[in-house]
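First comes the structure, then the notes that go with it.
The values are calculated or read from the model by the stated rules, or taken from the named source; none is laboratory data. Just so it is clear, the structure is predicted and the values come from calculations on it, not from any experiment. Note that each Cβ is placed from the backbone with ideal geometry, even for glycine, and that neighbours are counted across all protein chains shown.
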Amino acid sequence: MESFSDDHASKNIIQTLVELPEFLRKPILESRVKEFFSLDIQDKNEIISNILNTLPSFESRKISPLVKTWLLVLSNLDSILIVEMLRLYCSKIKNSPDIIQKMPMIEIIEMFSVLESTQKKKIADCLKEAILSFPDTSKIINLIPDSGLKALQMK
């Protein structure tokens, strides 16, 4: 999957998705997420690293609709797939904790909070499962802002 192979390509893809209306953005994201699960672990890790490194370069208000659409797409997946993806994100963040300080956490939490209750519960449960799959869960939990822990009902 060459289009995800570097930060520049990731930035271009994210920029394009940010500019699209949701009715166009959602099917593209659904396709890309399905494609993600067909990749090997090295490519998955590279994609997640590129996304985490690229997202902070966008204005928070511009990234919010993309985050919301991504959360909606995620909530429609099988829980096993959601846990797999979120575990990879947690692993990257755990290994590079400074990433989370660059992320638009307020906007991510706000977009999570506007989901329907069943969608929120599914994503929150999957994130909790992903976090609990690490032997050092406190390293990850300590990186989540209080407002995020409250939204996840972990505080």
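S133: free of Cβ contacts under 8 Å to residues at least 40 places away in the same chain and hydroxyl-bearing (S, T, Y), yes or no? When the stated conditions are applied, S133 does not pass them. Out of L74, L55, one residue alone is surrounded by 18 or more Cβ atoms within 10 Å (Cβ to Cβ), at pLDDT below 95 and assigned to a helix (DSSP H, G or I). It is L55. Within segment 42-51, does at least one residue satisfy the condition of being charged (D, E, K, R) and more than 27 Å from K121 (Cα to Cα)? Yes: one or more hits.
Condition check ((1) farther than 21 Å from L115 by Cα; (2) among the hydroxyl-bearing types (S, T, Y); (3) at pLDDT below 95) across all residues:
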residue: S5; (1), (2), (3): yes, yes, yes
residue: I14; (1), (2), (3): yes, no, yes
residue: L17; (1), (2), (3): no, no, yes
residue: P21; (1), (2), (3): no, no, yes
residue: L24; (1), (2), (3): no, no, no
residue: D40; (1), (2), (3): yes, no, no
residue: S49; (1), (2), (3): yes, yes, yes
residue: R61; (1), (2), (3): no, no, yes
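You will find that of I131, I144, the residue that is among the hydrophobic types (A, V, I, L, M, F, W, C) and part of a helix (DSSP H, G or I) is I131 and no other. Of the numbered criteria (1) within 22 Å of N50 (Cα to Cα); (2) surrounded by 15 or more Cβ atoms within 10 Å (Cβ to Cβ), the one K128 fails is (1). Here I14 passes the criteria (1) assigned to a helix (DSSP H, G or I); (2) over 13 Å from the mean Cα position of the chain (by Cα); (3) among the hydrophobic types (A, V, I, L, M, F, W, C) except the one numbered (2). In segment 77-110, the qualifying residues are those that are part of a loop (DSSP other than H, G, I, E, B) and over 13 Å from the mean Cα position of the chain (by Cα), and the one that is surrounded by the fewest Cβ atoms within 10 Å (Cβ to Cβ) is D78.
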